[in-house]
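J.: Structure incoming, see below.
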Amino acid sequence: MAGLQELRFPEEKPLLRSQDAAELENSDSFLLAVDTDWKEHDIETPYGLLHVVIRGSPKGNRPAILTYHDVGLNHKLCFNTFFNFEDMQEITKHFVVCHVDAPGQQVGASQFPQGYQFPSMEQLAAMLPSVVQHFGFKYVIGIGVGAGAYVLAKFALIFPDLVEGLVLVNIDPNGKGWIDWAATKLSGLTSTLPDTVLSHLFSQEELVNSTELVQSYRQQIGNVVNQANLQLFWNMYNSRRDLDINRPGTVPNAKTLRCPVMLVVGDNAPAEDGVMADSGGLPQVTQPGKLTEAFKYFLQGMGYMPSASMTRLARSRTASLTSASSVDGSRPQACTHSDSSEGLGQVNHTMEVSC
């Protein structure tokens, strides 16, 4: 049985405060925040070393939370704000958390030698079983953003028994056509690499407004990530092939993800209605409260943390709805939609979230 549930949240204002954006400009304070409990590892894989940081140890039969960042970022730039968010701590205390940096993208990475062949997107996915085996994880719940979401989706397609669930933020499952490829090449000739990458991370509206967040990330991408290594990752991401996946039951013998999936798209995404889009915005940075709440619901739907308390955002919303219902005399109802169809003889639940 395949399920589809859509959650829409009314808040529009970013939760990232001005002082938080200012902290991004100081790489030391931003990158080192709340990192004391993390342990770093360099893990051998069939396609080279992977830099991984981990906090906690495997807890019984529970999966590990494994993250993969977007191109232009690393695990700190991509996930620090989200995993340091107060309400997220209630979740992470129940799971071991493992952040994976794409080859050569971590802070302080050495530049790859001349002629180095950066792994393909398929090979990046094929490196992850070595991480799972190294730490003795039975399976993982993956959280990926952009290019990282593509890698984790590919990982789940190739190694379905190792993945219990996926959170895919701003994923673009399609390869680039000739027009897109030419536009990318032209952009590379007329723009700096950080500015080219920013057009992937943020919407045109955000870039035109040149928000504090955009300016901060422009500085961090240029100063923290090795530019030669980033260029290799950027080129490989733009050479990706279509994931060629379908929802269960939509076409005969569909190639589909066999685990529960939460799809997340930013409000500024060009194709929000389709959810899967090469979107603008970083919802895990600008809306960590919304994403934490949705992630908690997702985990509870998988049978974890059934007695977890509501997040601050949920408590605020509940109070507002209760107040409103006392005025009109009706009970508040969640804005959700579910649909079911026969899949491939297995449970497959998809949750879509617009931040």
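J.: Give Asn253, Asn238 a once-over and let me know the one that is under 19 Å from the mean Cα position of the chain (by Cα) and among the polar types (S, T, N, Q). Give the derivation first.
T.: Values: Asn253 fails: under 19 Å from the mean Cα position of the chain (by Cα).
Sole residue among the options that is under 19 Å from the mean Cα position of the chain (by Cα) and among the polar types (S, T, N, Q): Asn238.
J.: Of all residues in the stretch 197-240, which are among the aliphatic types (A, V, I, L, M) and not in a loop (DSSP other than H, G, I, E, B)?
T.: Of the stretch 197-240, the ones among the aliphatic types (A, V, I, L, M) are 197-198, 201, 207-208, 213-214, 221, 224-225, 228, 230, 232, 236.
If the condition is that a residue be among the aliphatic types (A, V, I, L, M) and not in a loop (DSSP other than H, G, I, E, B), then Val197, Leu198, Leu201, Leu207, Val208, Leu213, Val214, Ile221, Ala228, Leu230, Leu232, Met236 are the ones that fit.
J.: Looking only at strands (runs of 3 or more DSSP E) that lie completely in the stretch 22-133, which have at least 3 residues being modelled with pLDDT of 95 or more and open to solvent by 30 Å² or more (accessible area, probe 1.4 Å)? Before you say what the answer is, go through the steps one by one.
T.: Working: elements: 39-45, 48-55, 64-68, 97-101.
Here the list reads 39-45.
J.: Another question, if that's okay. Kindly indicate whether Leu4 is open to solvent by 20 Å² or more (accessible area, probe 1.4 Å), assigned to a strand (DSSP E or B), of a type in the set (A, V, I, L, M) and at pLDDT below 95.
T.: So Leu4 passes the test.
J.: Do you know which of the residues in the stretch 161-198 that are among the hydroxyl-bearing types (Ser, Thr, Tyr) and at pLDDT below 90 is surrounded by the fewest Cβ atoms within 10 Å (Cβ to Cβ)?
T.: First, the residues of the stretch 161-198 that are among the hydroxyl-bearing types (Ser, Thr, Tyr): 184, 187, 190-192, 196.
In the following step, the residues that additionally are at pLDDT below 90 were identified as 184, 187, 190-191.
Numbers: Thr184: 18, Ser187: 14, Thr190: 8, Ser191: 13.
Only one residue tops the list, namely Thr190.
J.: Moving on to the next point. Which condition does Leu243 not pass, out of (1) aliphatic (A, V, I, L, M); (2) open to solvent by less than 20 Å² (accessible area, probe 1.4 Å); (3) assigned to a helix (DSSP H, G or I); (4) modelled with pLDDT under 95, if it passes all the others?
T.: (3)
The values are calculated or read from the model by the stated rules, or taken from the named source; none is laboratory data. Here the structure is a predicted model, which is why all the values come from computation and not from measurement. Every residue, glycine as well, gets a Cβ built from its backbone with ideal geometry; the counts of neighbours run over all protein chains shown. The area values use the complete protein model at the heavy-atom level, side chains included, leaving out ligands, DNA and RNA. Shrake-Rupley method; radii C 1.70, N 1.55, O 1.52, S 1.80 Å.
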